[in-house]
1. Looking at (1) crowded, with 21+ Cβ neighbours inside 10 Å; (2) farther than 20 Å from A:LEU12 by Cα, which is the only condition B:GLN184 fails?
2. Restrict the check to region B:22-43 and report whether at least one residue is at pLDDT 85 or above and in contact with a strand residue (DSSP E or B) (Cβ under 7 Å, 6 or more places away or on another chain).
3. Answer yes if at least one residue in region B:251-258 is more than 11 Å from chain A (Cβ to nearest Cβ) and out of contact with any strand residue (DSSP E or B) (no Cβ under 8 Å at 6 or more places or on another chain), and no otherwise.
4. All but one of (1) among the hydrophobic types (A, V, I, L, M, F, W, C); (2) surrounded by 19 or more Cβ atoms within 10 Å (Cβ to Cβ); (3) farther than 17 Å from A:PRO112 by Cβ hold for B:LEU287; which doesn't?
5. Quick check, is B:LEU179 part of a helix (DSSP H, G or I) and either over 19 Å from the mean Cα position of the chain (by Cα) or not aromatic (Phe, Trp, Tyr) (or both)?
6. Just a yes or no: is a residue in region B:97-105 more than 11 Å from chain A (Cβ to nearest Cβ), within 28 Å of B:SER252 (Cβ to Cβ) and either of a type in the set (A, V, I, L, M, F, W, C) or part of a helix (DSSP H, G or I) (or both)?
7. Are any residues in region A:80-122 polar (S, T, N, Q) and either crowded, with 23+ Cβ neighbours inside 10 Å or facing another protein chain (nearest Cβ under 7 Å) (or both), and if so, which ones?
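The values are calculated or read from the model by the stated rules, or taken from the named source; none is laboratory data. Bear in mind the structure is a predicted one, so any value in this text is a computation, not a measurement. As a convention, Cβ positions derive from the backbone with ideal geometry for all residues, glycine included, and neighbour counts pool all protein chains shown.
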Amino acid sequence: MILDRLIRRTLLGYVFVALGFVFVPIAISFIFSFNEGRFPILPIESFSTVWYEAIWNEAPVSRAFRFSIVIGLSVAAISTFIGFATAYTDFRYRFFGKNVYLALALLPPTIPVLILGLIMLMFLGRVSLVGEPHSVIFAHVVYCTPFAMALIRLRLSQMDPDLERAAWNLGATSWRAMRYVILPFTMPAIFAALFLTAAVSFDEFMIAFFVGGVTETLPVRVLNMMQGQVSPRINAVGSVVFAVSITLVILAQVFLLTRRGTSRVGAPV
Amino acid sequence: MAAAAEGVTAGAGRGRRVRPDGYALFWGLPLAVWQGVFFLAPLAFLVVMTFWSVKNFRLEADFDTVNWVKMWSKGYVVDTYLRTLGYGALAAAVCSLLAFPAAYALAFKVSPATRRLGVFLLITPFFTSYIVRVYSWQPVLSESGILNTVFAHLGFGPVAMLNTLFGTVIGYLTLCLPLVILLQLFSLANVDRSLIEAAHNLGCGRIRTVFLVIVPSAKVGLILAATFAFILCFGDFVSPVSLGGSKPPTLSILIVDTVKQGNHWPRAAVVALTMVVTLIVVAFTALYFAYGHGRARR
């Protein structure tokens, strides 16, 4: 039994090391963003917010931040709507070519983002659709919709299809059944999808780099700053990007984890 | 989509064919239209682009296999292709091996509440700022960085870690380790516990149980996890550039260089299409091994 305990402790220690591998570098970068010295060398000199003040006053950074927010919100709204529509279509209908349809719904994230960015730049470039915030939105929706679709489809698969049929039998139209049965039931997943797609769009830098052109989002700014000199400003911008996206991802998970308590079928939305 | 919509049947496949009404089209069409215009069309255009030509730095619509011939007759392109395949396979292997003990611990050695916490802590970084997390490795791995400072105190070093294959692999792990642990964990959690107890009762040792009972039972998830690691790392651009120092290049770096130097889109398209086809082949091969001859379980 001592051996059992030893094995268990070793394995748990290993889990901590693995989580440390994931979180420690970002924590270090966060700490250095408050370090007054120019170079990320131990020991840390003195605490200061000078790099945050520097990026606050840096026009390209604040512009990129605004673009990222506008793009993230638009992408979240559009891809969650398309994701919901697709998940519902898969839930309710069977039709010829459904496998192809579902492949279209789920494949894009398995294509490397570099290639997605490249093909969209080639294609959208032909019709003069590159270099604007809406170009990034068009491209990001392709990439984000599968995540929204998957979350909402999982939620729908927990629902008894007879609930909707019961509503029809009681005289509800398809639209009313959608509003009073399907929507309330899927609402937690819809919110989770909104936050998750916003996070994925806010973080995505390769597609945005290609089709955005002069429209730099915040992670693209980080990518471009990385090509230049080492500067603690990158730590500061990076910490802001990290803080925003981790908040969005945590919110998405909170909505998923509390799904049981929030579903009240029949209540108007 | 028109052909697809014609055969719509309502009521979850009861077989009663109905004409697709406005309601069905309202929910069914947005995806088909959006992915058709912004995903399928660019993908089709990529194929077309590989046959175009560049004359005097200008793109011309053409049907010429010159790009394919030019690219694949160059030794360094073939080398880069094989190297990138190797990097992807290395990443899949290293990720899978390093992830397994963690996934195993979370699947079998902790309470459900701790497991949920672990899943939460792993999902979060997967969706969070890959580029920032890769960048934050630089001050850790660099010549005068944190690890080398520690090594100096211990009396050795400095060890070159940044701009080496080691650095690239650290980046790959940053990209996929959380996802691989999660996928392995989900498949391990579904292994029938009575199989493990039976193995123990029949006198099978711990290690043998892991390799002869647990791994084969969780085979599908383990293969899928490794495949995802391969897919993500095969196409990754950031790690080989900012932690591997771009030399020697991978296919992603080759694409960017081809576009930057000489604006040669069709040749970049050849590389990109090769990557897409390779990924499709790898994915289907993996699915075949995962599900195909799954009857032969020991």
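1. All conditions pass for B:GLN184, except number (2).
2. no
3. The answer is yes; a qualifying residue exists.
4. Of (1) among the hydrophobic types (A, V, I, L, M, F, W, C); (2) surrounded by 19 or more Cβ atoms within 10 Å (Cβ to Cβ); (3) farther than 17 Å from A:PRO112 by Cβ, only one is false for B:LEU287: (2).
5. yes
6. Within region B:97-105 (the criterion being more than 11 Å from chain A (Cβ to nearest Cβ), within 28 Å of B:SER252 (Cβ to Cβ) and either of a type in the set (A, V, I, L, M, F, W, C) or part of a helix (DSSP H, G or I) (or both)), the answer is yes, since at least one residue qualifies.
7. A:THR80, A:THR86, A:THR89, A:THR110
Results for (1) over 18 Å from the mean Cα position of the chain (by Cα); (2) surrounded by fewer than 24 Cβ atoms within 10 Å (Cβ to Cβ), shown as yes or no for each residue.
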| site | (1), (2) |
| --- | --- |
| A:ASP203 | no, no |
| A:PRO219 | no, no |
| A:ILE234 | yes, no |
| A:ALA243 | no, yes |
| A:THR247 | no, yes |
